[in-house]
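Below is one structure, written out as structure tokens; the observations come after it.
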Amino acid sequence: MPGEGRCPDCGSTELVEDSHYSQSQLVCSDCGCVVTEGVLTTTFSDEGNLREVTYSRSTGENEQVSRSQQRGLRRVRDLCRVLQLPSTFEDTAVAYYQQAYRHPGIRAARLQKKEVLVGCCVLITCRQHNWPLTMGTICALLYADLDVFSGTYMQIVKLLGLDVPSLCLADLVKTYCSSFKLFQASPSVPAKYVEDKEKMLSRTLQLVELADETWLVTGRHPLPVITAATFLAWQSLQPSERLRCSLARFCKLANVDLPCPASSRLQELLAVLLRMAEQLAWLQVLRLDKRSVVKHIGDLLQHRHTLVRKAFRDGTAELDGEGKELQGQGLGPGQGKAEAASSSLDLPEGKRPASPALLLPPCMLKPPKRICPPPPISTVTGDEDISDSEIEQYLRTPQEMRDFQKAQAATGVPNPP
């Protein structure tokens, strides 16, 4: 390395680089003086001027990984191994964690948010590879709060600009129902409550698809709907022995947590099934309720698409279609009314059959009550300022004055002062 510096002893410029074991040195070839020993690689100009560079100013300090980041990377790998994810998933999750950690808002965040960041990167990777994994599963493994996790998840997706597809509902049903402890006999599960896994999954999928078609899933957390559908599917397979079992006891037997809205989703599913049962002639005479309709879920799901169209359709469009059909057959309006009355199911005279329910989301059928703000209290004291526009309303033009005087003279009423 001649020509890059001078020897401090003899002033020679003949400096050569000599490797002593694994440590590089600059040595003067004339007098043998060791000029520098173990100079750190740096982007500063100090090294070119043969000056010592402290480690805090070197590139090694700038590129080193902090303890917090090292701990997070280890937890990302451990979480992927616990979930038995492929190695490609692990590499992608680690890369997302490193990208997110470079942002100042994440690096300076609290420890709780950094712990949640581990699960967010793993969940994003699984969603992109269509791997069925729920947010609740990650929160249970990390002992994390669901609200903090969901907020951090949305923040990371926005910061990194990622395209994360939504989770497939069918895959979620299969993954969630596989964790139920109802497919093998055990001391905690009686034999009458044990059910075949494939039968239960098949019926649960049909009920979840029915809930999706009737707007019970849109904009809502899927797990309460799946829990309610699984409970109805389990009851309908052996209704004589399972109708007395409540939803809370079912979740306890299955060793799963009972989501808070699951009871409401259960009532909504039963209401849909009752509307469908009203369209079957052999079920109309039974006067079914929300308890007895569970026995006929198999028949209702077999004709699901037809019953949904009949139970939820536009009544106005139906009447218009019937009118056009009657006109095409050459029947008059009186004859059409007589035939419509005779086709009704023994309704009293003067009563019309019930119109089909509207197929709308629950938030539109039962909108939340809006709080009306109280009207502002206005007190008139007589001291208010009068605007110019209001004053001009009382001023008359010369033409109006002449017309007013003529009217006063014609009626004989004296002019006001």
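The values are calculated or read from the model by the stated rules, or taken from the named source; none is laboratory data. The shown structure was predicted, so the numbers you read here are calculated from the model rather than taken from an experiment. Glycine also receives a Cβ, built like all others from the backbone with ideal geometry; neighbour counts cover every protein chain displayed. Surface accessibility is based on the protein's heavy atoms, side chains included, excluding ligands, DNA and RNA. Shrake-Rupley method; radii C 1.70, N 1.55, O 1.52, S 1.80 Å.
Tabulated data for the structure shown
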| item | result |
| --- | --- |
| The one condition in (1) part of a helix (DSSP H, G or I); (2) open to solvent by 20 Å² or more (accessible area, probe 1.4 Å); (3) at pLDDT 90 or above that Ile297 fails to fulfil | (2) |
| Filtered residue count, the range 170-195, keeping only those that are touching a residue at least 40 places away in the same chain (Cβ under 8 Å) and not hydrophobic (A, V, I, L, M, F, W, C) | 10 |
| Residue list for the range 265-289, filter: more than 19 Å from Thr204 (Cβ to Cβ) and touching a residue at least 12 places away in the same chain (Cβ under 8 Å) | Leu274, Arg275, Ala277, Glu278, Gln279, Leu280, Leu283, Gln284, Leu288, Asp289 |
| Contacts under 6 angstrom Cβ, first residue in the range 141-169 being assigned by the TED database to the domain that holds Arg102, partner modelled with pLDDT under 90 and small (Gly, Ala, Ser), 6 or more apart | none |
| Qualifying residue in the range 89-96 (condition: over 29 Å from Thr227 (Cβ atoms) and open to solvent by less than 20 Å² (accessible area, probe 1.4 Å)) | yes |
| Residue that is nearest to Gly105 (Cα to Cα) [pool: residues in the range 131-163 that are open to solvent by less than 70 Å² (accessible area, probe 1.4 Å) and among the hydroxyl-bearing types (Ser, Thr, Tyr)] | Thr152 |
| Identity of the residue in the range 97-130, more than 21 Å from Leu146 (Cβ to Cβ) and charged (D, E, K, R), that ends up most open to solvent (accessible area, probe 1.4 Å) | Arg102 |
| First in the range 66-91 and within 15 Å of Lys113 (Cβ to Cβ), second anywhere and among the polar types (S, T, N, Q), Cβ under 7 Å, 6 or more apart | none |
| Residue match in the range 222-230 (condition: assigned to a helix (DSSP H, G or I) and closer than 13 Å to Val194 by Cα) | no |
| Filtered residues of the range 262-291 (kept if in contact with a helix residue (DSSP H, G or I) (Cβ under 9 Å, 6 or more places away or on another chain), over 20 Å from Glu209 (Cα atoms) and part of a helix (DSSP H, G or I)) | Trp282, Leu283, Gln284 |
| From the options Arg275, Arg287, Arg291, residue that is in the same structural domain as Thr230 (by the TED database) and at positive phi | Arg287 |
| Criterion: in the same structural domain as Val308 (by the TED database), in contact with a strand residue (DSSP E or B) (Cβ under 7 Å, 6 or more places away or on another chain) and either open to solvent by less than 60 Å² (accessible area, probe 1.4 Å) or modelled with pLDDT of 90 or more (or both) - qualifying residue of Leu201, Leu207, Leu182 | Leu182 |
| Residue in the range 124-141 that is among the polar types (S, T, N, Q), within 30 Å of Leu207 (Cα to Cα) and in contact with a Leu (Cβ under 7 Å, 6 or more places away or on another chain) present | yes |
